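Novice: My questions all concern the structure below.
Only the coordinates and a few stated rules stand behind these numbers; no lab work does. Values in this document were obtained by computation on a predicted structure and should not be read as measured data. Cβ placement follows ideal geometry from the backbone for every residue including glycine, while neighbour counts extend to all protein chains displayed.
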Amino acid sequence: MYLPKHFQNQEIDQIRAFLQQNYFGLLLSNSPDLFYTPLPFLFDWHEGQLTAHCHIARHNPQLKQLNEQQVQIVIMGPHAFVAGDCYGDEQAVSTWNYSLVELKGTAYTLNTEQTLALARRQESFSAPDMQQSADCQQKLVNGICGVQIDISSWLGKMKLSQNKSAAQRQKVGDYLQSAEQPKSVWQLMQQLGLYQSS
């Protein structure tokens, strides 16, 4: 990843906060072919060590190249267009501000019991009131495999106008506050005709 020093972030508290708010990303592997799967992740911190968990469909060909292999996770965070004219300088060019964390580590596939425990944990995190029968959960784990990734390194890229002056960053913040239109999943579903809000 191209990473100018002023956009680099390795502050553990900031990375931890970022991953608590942004946990959907790409699991990449390259053994021998490049594969990637978009997935939600659970992140666990224990005494400065980071472990990521996810599950993948058993029919996904990427699963065959995961166990005891080096993998990468890329988690994208907030991003927004920044118009050049917001700086008050006719020579300024437009850009895109964004944030991401790249994690590297070793993946290990989980057995059925561990996968079931992971699935229950993911559900309790995302839908704490959901109730499923043991039979339903067993059917679920027949179709998925849990994955644990022991993270060996992480690196944040926060391209947030750090290469601009404080006055210019203030103008960027003001511009984004007035112009940014965050899109959520339901708005995208509505835009594509898949959902009508009441």
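Novice: Among residues other than Gln20 whose Cβ falls under 13 Å from its Cβ, what is the net charge (Lys/Arg +1, Asp/Glu -1)?
Specialist: It works out to a net charge of -1.
Novice: Then there's this: How far apart, in nm, are the 7 Å Cα→Cβ label points at Met76 and Gln131?
Specialist: With each label point 7 Å from Cα toward Cβ, the separation is 3.9 nm.
Novice: Suppose R0 equals 35 Å. What FRET efficiency, 1/(1 + (r/R0)^6) with r the Cβ-Cβ distance, do Ala57 and Val93 give to the nearest 0.05?
Specialist: 0.25
Novice: Further question: What percent does the relative contact order of segment 70-136 come to when contacts are Cα pairs within less than 8 Å and at least six residues apart?
Specialist: This gives 31 percent for segment 70-136.
Novice: Counting alpha carbon pairs within less than 8 Å and at least 6 residues apart, what relative contact order, in whole percent, applies to segment 1-59?
Specialist: Rounded, it is 20 percent for segment 1-59.
Novice: So if I take the centroid of the Cα atoms in segment 125-179 and the same for segment 35-102, what is the distance between those two points in Å?
Specialist: Centre-to-centre distance over Cα atoms comes out at 8 Å.
Novice: Compute the helix-to-body angle for 134-143: its Cα long axis versus the longest principal axis of the chain, expressed 0 to 90° and rounded to tens.
Specialist: 70
Novice: Run the helix sum for the chain: -39,500 (n - 2.57) per DSSP H stretch of 4+ residues, divided by residue count, reported at 222 nm to the nearest 500 deg cm²/dmol.
Specialist: Estimated from H runs of four or more residues: -8500 deg cm²/dmol.
Novice: Using only Cα atoms and rounding to the nearest 10 degrees, what angle (0 to 90) does helix 166-179 make with the longest principal axis of the chain?
Specialist: 70
Novice: Sticking with this one: Please state the relative contact order of the chain as a whole percent: Cα pairs under 8 Å, 6+ residues apart?
Specialist: 24
Novice: So how do 116-127, 87-98 stack up, highest first, on mean other-Cβ count within 10 Å?
Specialist: 116-127, 87-98
Novice: In segment 17-76, how does Rg compare with the Kirkwood Rh, expressed as the Rg/Rh ratio over alpha carbon atoms?
Specialist: Computed over Cα atoms, the ratio is 0.98.
Novice: Please name which of Phe125, Gly84, Gly146 has its Cα lying farthest along the dipole of segment 54-198 towards the positive end, using unit charges on Cβ (Lys, Arg +1; Asp, Glu -1) and the Cα centre as origin.
Specialist: Gly146
Novice: I'd like the orientation of helix 12-21 relative to the chain: the angle between its Cα long axis and the longest Cα principal axis, in ° from 0 to 90, rounded to 10.
Specialist: The helix 12-21 is inclined about 70 degrees to the chain.
Novice: Could you list the square roots of 5 times each eigenvalue of the Cα gyration tensor of the chain, that is, the equivalent ellipsoid semi-axes, sorted largest first and rounded to whole Å?
Specialist: Gyration-tensor ellipsoid for the chain: 36, 22, 15 Å.
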